[in-house]
Amino acid sequence: CALPICLASGRTALAGYHGASDVMLPIADVTLVILQIALRRKLPSFTSIEGAMNNVADALTERLGDAYVDTAPLASKALSAACAEITAVVNKVQSTLACKVTGFDIVSGSARECDPYPIRPHASVAAKVSQTVLLSTTPSIEPVYCILGIDDKSKIPDTLDAIKAMKGALCAQLSNALVAAGFESHCTTTSVDIIAASGYVFRIYIAHFREVSLLRALERAPQADMLERKLFWSVQHHKYVRSVLTEVHMTFSKAARLAKRWVAAMLLGDFVAPEAIELLVARSYLVNAVKPRSAEEGFYRFLQLLSQWNWARPLPVDPTVTVDHKKVWDKEVMGMVVLAPYDNDQLSPFTQHTPRPMIVHRLSMLATGAVQALEEGRGASLWLCDIPSSFDVAIPLAASMALASDRCILQKPVAPTQYRLWRAGDLSGPDRQRYITQLCELEPANFCLRTLRGATRDKCMLFMDIYGPQSLAVVSLSQNPSPQLVRGLVESIMAAAPPGSLGHISLPPLPEVKKDKPRKEKAVKTARDSSETTTEPTTKPKKARAEVAPAVAKKSQKPKAKLVK
């Protein structure tokens with residue numbers, strides 16, 4: 001009954017479908033039209049409802065499922081309130097800790113409104129229902145990451161074991177203080193989890209400034225770089241984005257969300273750090289005197305930067321910063337060098353290990369095609385990744401691996417499998433702690449991807465849309481993969497995958513190999529038969545002669561004893 005109402009309302013949603021007998025309309029559009037008609041009937045005729053319907057369309061799409069919609073403004077209010085509550089309680093209980101607290105920062109991308117899909121409160125930990133954002137029922141919880149900086153004033157020895165023991169003790173102290181303050185909290189030796197009543201899970205890591213220097217002194221540079229990027233550079237990046245970009249350029253956050261979603265739709269989201277994408281978008285806002293007037297224009301400049309910049313040279317985010325040409329970067333590992341304004345040593349921390357030059361080259365080619373599509377008016381096509389021409393095979397994921405139905409890009413959303421979620425009062429004690437920890441750390445699609453990459457590292461490369469996983473794209477390491485090789489890769493992946501994580505794939509049958517028939521040598525056979533009927537040759541065959549020769553030689557030799565005598 002909603003279709004005649006939608007047709008009678010005169011909406012432009014049917015543009016391009018003239019003459020069609022059956023029209024498939026998104027359920028969110030139909031619901032929005034019904035709501036508009038109901039409001040027009042109830043309100044006076046002179047009342048304008050267009051201003052009141054600005055955010056209703058996004059809210060309906062978020063709840064009912066459709067193509068990609070920017071829902072960060074809907075969830076930012078609830079998340080900001082929860083962040084303010086946790087910050088206040090941590091500042092209140094920090095006096096009970098044995099060490100001096102140098103700072104507490106929330107570093108998740110959703111806290112600065114730069115994540116394409118903001119963190120939602122989860123139904124398994126929510127004690128109350130939010131009125132502004134829908135509860136998440138996915139089989140995983142995305143925590144809100146926080147960093148707590150400490151300074152022990154050199155009271156403990158400069159050893160990694162001592163720092164590890166101190167961190168574990170501080171985590172226990174902080175968790176006990178939060179429980180005493182009325183919050184649900186669990187801790188491990190490395191982190192503290194705070195479960196807010198609104199349904200958010202905050203995970204706090206403790207940062208000690210001497211730990212990185214000790215790792216470098218022990219010649220463990222990769223581990224030191226990872227720890228420094230996670231605990232120190234992420235704090236500097238969050239402060240810079242919040243103070244310089246988000247508050248000054250109002251459209252920066254949405255442009256960053258569009259850029260991240262596009263990179264993930266090209267199946268390269270886990271090869272480029274989210275902070276690196278934000279810095280590339282920031283370059284688009286800082287390099288020109290004329291700033292982007294909209295988020296779409298900022299996203300267009302981001303694509304132009306990817307396609308036009310010579311990535312053999314370092315890219316300073318702030319054009320006023322002078323590049324130190326004496327600095328040497330490992331170009332075989334670092335496909336792009338992005339110098340942030342807060343990076344005084346020009347280390348490029350968010351591009352040290354990824355992306356590699358091959359990934360940067362493909363990203364530049366895809367950005368060139370996206371710019372051309374936008375200039376030709378084909379905006380919808382830039383979100384599609386051409387899997388058949390770029391990859392050897394695509395293996396579909398099981399329906400249970402879908403994160404949310406509204407994360408599909410220009411495809412019909414698939415209803416995710418209903419899971420048995422334990423609510424706030426169903427579990428207690430250690431069982432609830434283990435359950436929440438598993439939901440936070442074992443995201444199904446990413447766990448499957450990590451498992452398969454470890455099992456097929458020397459055979460192929462795997463790609464996946466990290467925000468809306470639907471399939472695994474496979475590229476063989478061989479230059480000319482044969483159908484037999486591709487079939488062998490698929491069989492290896494299906495055997496190494498976690499049970500129930502991959503769907504069914506039907507490969508075309510292998511072409512039959514024609515066997516060469518033995519040649520018929522009639523003339524040779526007749527000649528051989530005729531030679532057998534003739535008289536025996538005067539000379540013996542070579543084989544007989546070879547057998548007689550050793551016997552004659554043996555008779556001619558004398559025994560060794562007679563020779564000695």
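The values are calculated or read from the model by the stated rules, or taken from the named source; none is laboratory data. Given the structure is predicted, the values throughout are model-derived calculations rather than measurements. Heads up, the Cβs are rebuilt from the backbone with ideal geometry, glycines too, and the neighbour counts pull from every protein chain shown. When the accessible area is computed, the model is the full protein with side chains, heavy atoms only, and any ligands, DNA or RNA have been set aside. Shrake-Rupley method; radii C 1.70, N 1.55, O 1.52, S 1.80 Å.
I'm trying to understand the selection: among the residues of the range 143-157, which are touching a Ser or Thr at 6+ places or on another chain (Cβ under 8 Å) and acidic (Asp, Glu)?
If the condition is that a residue be touching a Ser or Thr at 6+ places or on another chain (Cβ under 8 Å) and acidic (Asp, Glu), then 151 is the only one that fits.
Report every pair of residues separated by at least 6 positions or lying on different chains whose Cβ atoms are under 8 Å apart, first residue within the range 147-162 and at pLDDT below 85, second open to solvent by 10 Å² or more (accessible area, probe 1.4 Å) and among the small types (Gly, Ala, Ser).
Within 8 Å, the pairs are 156/162.
Given the conditions (1) over 25 Å from the mean Cα position of the chain (by Cα); (2) open to solvent by 10 Å² or more (accessible area, probe 1.4 Å); (3) over 19 Å from residue 149 (Cα atoms), report the number of the one that residue 275 does not fulfil.
Result: residue 275 fails condition (1) only.
Is it the case, given these coordinates, that residue 428 is open to solvent by 40 Å² or more (accessible area, probe 1.4 Å), at pLDDT below 85 and out of contact with any strand residue (DSSP E or B) (no Cβ under 9 Å at 6 or more places or on another chain)? Write out each step before concluding.
Working: open to solvent by 40 Å² or more (accessible area, probe 1.4 Å): yes; at pLDDT below 85: yes; out of contact with any strand residue (DSSP E or B) (no Cβ under 9 Å at 6 or more places or on another chain): yes.
Yes: the conditions hold for residue 428.
Looking for something within 30 Å of residue 227 (Cβ to Cβ), in a loop (DSSP other than H, G, I, E, B) and either open to solvent by 70 Å² or more (accessible area, probe 1.4 Å) or touching a Ser or Thr at 6+ places or on another chain (Cβ under 6 Å) (or both) - is there at least one such residue anywhere in the range 367-388?
Looking only at the range 367-388, we keep the residues that are within 30 Å of residue 227 (Cβ to Cβ), and these are none.
There is no residue in the range 367-388 that is within 30 Å of residue 227 (Cβ to Cβ), in a loop (DSSP other than H, G, I, E, B) and either open to solvent by 70 Å² or more (accessible area, probe 1.4 Å) or touching a Ser or Thr at 6+ places or on another chain (Cβ under 6 Å) (or both).
Identify all residues within the range 337-361 that are over 20 Å from the mean Cα position of the chain (by Cα), assigned to a loop (DSSP other than H, G, I, E, B) and modelled with pLDDT of 90 or more; write none if there are none.
The answer is 337, 340, 341, 342.
Filter the range 427-486 down to the residues that are of a type in the set (S, T, N, Q) and assigned to a strand (DSSP E or B), then identify the one that is nearest to residue 116 (Cα to Cα). Step through it out loud before you land on a result.
Quick first cut of the range 427-486, residues of a type in the set (S, T, N, Q) only: 428, 433, 437-438, 446, 451, 456, 470-471, 476, 478-480, 482, 484.
Checking the rest, the ones that are also assigned to a strand (DSSP E or B) come to 471, 476.
Numbers: 471: 20, 476: 30 Å.
So the residue we want is 471.
Residues in the range 132-174 that are part of a loop (DSSP other than H, G, I, E, B) and over 24 Å from residue 81 (Cβ atoms): how many?
Quick first cut of the range 132-174, residues part of a loop (DSSP other than H, G, I, E, B) only: 132-135, 137-143, 152-159.
Now restrict to residues that are over 24 Å from residue 81 (Cβ atoms): 139, 152-159.
The total comes to 9.
Scan the range 71-115 residue by residue and report those that are in contact with a Ser or Thr (Cβ under 6 Å, 6 or more places away or on another chain), modelled with pLDDT of 90 or more and farther than 24 Å from residue 275 by Cβ.
Residues satisfying the conditions do not exist here.
Return the total of residues in the range 448-484 being among the hydroxyl-bearing types (Ser, Thr, Tyr) and surrounded by fewer than 17 Cβ atoms within 10 Å (Cβ to Cβ).
Filtering the range 448-484 for residues among the hydroxyl-bearing types (Ser, Thr, Tyr) gives 451, 456, 467, 471, 476, 478, 482.
Those still in the list that are surrounded by fewer than 17 Cβ atoms within 10 Å (Cβ to Cβ) too: 451, 478, 482.
Total satisfying the criteria: 3.
Exactly one condition in (1) free of Cβ contacts under 8 Å to residues at least 60 places away in the same chain; (2) out of contact with any helix residue (DSSP H, G or I) (no Cβ under 9 Å at 6 or more places or on another chain) is not met by residue 337; state its number.
(2)
I'd like the full set of residues that are touching a helix residue (DSSP H, G or I) at 6+ places or on another chain (Cβ under 7 Å) and aliphatic (A, V, I, L, M), limited to the range 444-471.
The answer is 445, 452, 455, 462, 464, 466.
Select from the range 278-308 the residues that are more than 18 Å from residue 350 (Cα to Cα) and aromatic (Phe, Trp, Tyr) and write down the one among them that is farthest from the chain's Cα centre (by Cα).
Here the answer is 285.
Considering only helices (runs of 4 or more DSSP H) fully contained in the range 175-267, which possess at least 1 residues that are without any contact (Cβ under 8 Å) to a residue 12 or more places away in the chain and either open to solvent by less than 70 Å² (accessible area, probe 1.4 Å) or on the phi < 0 side of the Ramachandran plot (or both)?
On the way: elements: 209-217, 221-228, 234-240, 252-265.
Because the criterion is at least 1 residues that are without any contact (Cβ under 8 Å) to a residue 12 or more places away in the chain and either open to solvent by less than 70 Å² (accessible area, probe 1.4 Å) or on the phi < 0 side of the Ramachandran plot (or both), the helices (runs of 4 or more DSSP H) in the range 175-267 that meet it are 209-217, 221-228.
State which residue is surrounded by the fewest Cβ atoms within 10 Å (Cβ to Cβ) when the search covers only the range 278-298 and only residues that are touching a Phe, Trp or Tyr at 6+ places or on another chain (Cβ under 7 Å) and assigned to a loop (DSSP other than H, G, I, E, B).
Checking each candidate, the answer is 291.
Looking for something basic (Lys, Arg), more than 19 Å from residue 501 (Cβ to Cβ), surrounded by 17 or more Cβ atoms within 10 Å (Cβ to Cβ) and modelled with pLDDT under 90 - is there at least one such residue anywhere in the range 408-418? Give the derivation first.
Within the range 408-418, the subset basic (Lys, Arg) is 412.
Still in the running and more than 19 Å from residue 501 (Cβ to Cβ): 412.
Next, only the ones that are surrounded by 17 or more Cβ atoms within 10 Å (Cβ to Cβ) stay: none.
Checked against the condition, which is being basic (Lys, Arg), more than 19 Å from residue 501 (Cβ to Cβ), surrounded by 17 or more Cβ atoms within 10 Å (Cβ to Cβ) and modelled with pLDDT under 90, the range 408-418 yields no hits at all.
For residue 334, which of the numbered conditions (1) at pLDDT 85 or above; (2) open to solvent by 20 Å² or more (accessible area, probe 1.4 Å); (3) of a type in the set (A, V, I, L, M, F, W, C) fails to hold?
Checking residue 334 against (1) at pLDDT 85 or above; (2) open to solvent by 20 Å² or more (accessible area, probe 1.4 Å); (3) of a type in the set (A, V, I, L, M, F, W, C), the one that fails is (2).
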